[in-house]
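For reference, the structure is listed below as structure tokens.
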Amino acid sequence: MKTLILTAILYASCVIGLAASPKAEDWVTPNVKVPNNITQKDNQVVEDHFYECQITKLGTALDRLKDVSYIELTDDLATYYAGHSYRPRKGHKAYLVRGAFANYTGNFTLFYQGGSLVIQHMSLGRSATPQFCPLIVQLPTPPKKVFIQIGGAL
């Protein structure tokens, strides 16, 4: 009898835990909320100033970002999340930020202006379920707002 009750409690807690799990689409910003003037070439973050989180660190990154859109990192933690390709930049701090994509094609483009960070991932392929992809981004100041856009074309 005890085993049956414990099994039922364990099953119920798993179901509740799965129902409360965040989804990547919850991170995506509706296009109408993204300021128009930010996504200009002059505001683009240079590609060697951001890194995708290593897949083996994804669970830890998602846990750290479940309630916030970014956290500041030390250079050691940035290397932990990004891998050995991470290079510190003078005058910049590293931040672990939320990111998402819809298809395994395409790439990220980032824009930063006045404390607003826009993370775009555009790809080829049919519309798909958004997936998590936290990024390590080097910025001169902490972001005040993070906007995430995903899109693509057939």
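Using only helices, what value at 222 nm comes out for the chain when you add -39,500 (n - 2.57) per DSSP H run of length 4 or more and divide by the total residues, to the nearest 500 deg cm²/dmol? Write down the numbers at each step before the final one.
Numbers: 3 runs with 34 residues, N = 154.
It lands at -6500 deg cm²/dmol.
For the residues 126, 98, 89, what sequence is obtained by ranking on other C-beta atoms within 10 Å, fewest first?
Placing the least packed residue first, the sequence is 126, 89, 98.
When only alpha-carbon atoms are used, what values of Rg and Dmax, in angstrom, describe the chain?
17.9, 67
For a label point 7 angstrom out from the Cα of residue 105 toward its Cβ, which stretches of region 114-154 have the backbone nitrogen within less than 14 Å?
122-128, 151-154
Once amide H atoms are placed 1.01 Å from N in the peptide plane, what residues at a sequence separation of 5 or more from residue 65, or on another chain, have their amide H within under 5 Å of its amide H?
Answer set, sorted by chain and number: none.
Mind putting a number on the dipole of the chain about its Cα centre? Charges go on the C-beta only, +1 for Lys and Arg and -1 for Asp and Glu, and I need it in Debye to the nearest 20.
Its charge dipole is roughly 160 debye.
Could you give me the percent of Cα pairs per 10 Å distance bin for region 21-98, shortest bin first, beginning at zero and ending with the bin that holds the maximum distance?
Cα pair-distance distribution for region 21-98, in percent: 15, 42, 35, 8.
What base-10 log of the normalised intensity I(q)/I(0) is obtained for region 58-108 from the Debye formula, alpha carbons as equal point scatterers, at q = 0.26, 0.32 Å⁻¹?
Log10 I(q)/I(0), no solvent term: -1.11, -1.22.
Return the distance in nm (one decimal) between the two label points of a simple spin-label model at residue 144 and residue 90, each offset 7 Å from Cα along Cα→Cβ.
In this crude label model, residue 144 to residue 90 measures out at 2.9 nm.
Rule-based calculations on the coordinates, nothing more; no lab input. Just so we're clear, the structure is a prediction, and the values are computed from it rather than from any experiment. So basically every Cβ, Gly included, is an ideal-geometry build from the backbone, and we count neighbours across all protein chains shown.
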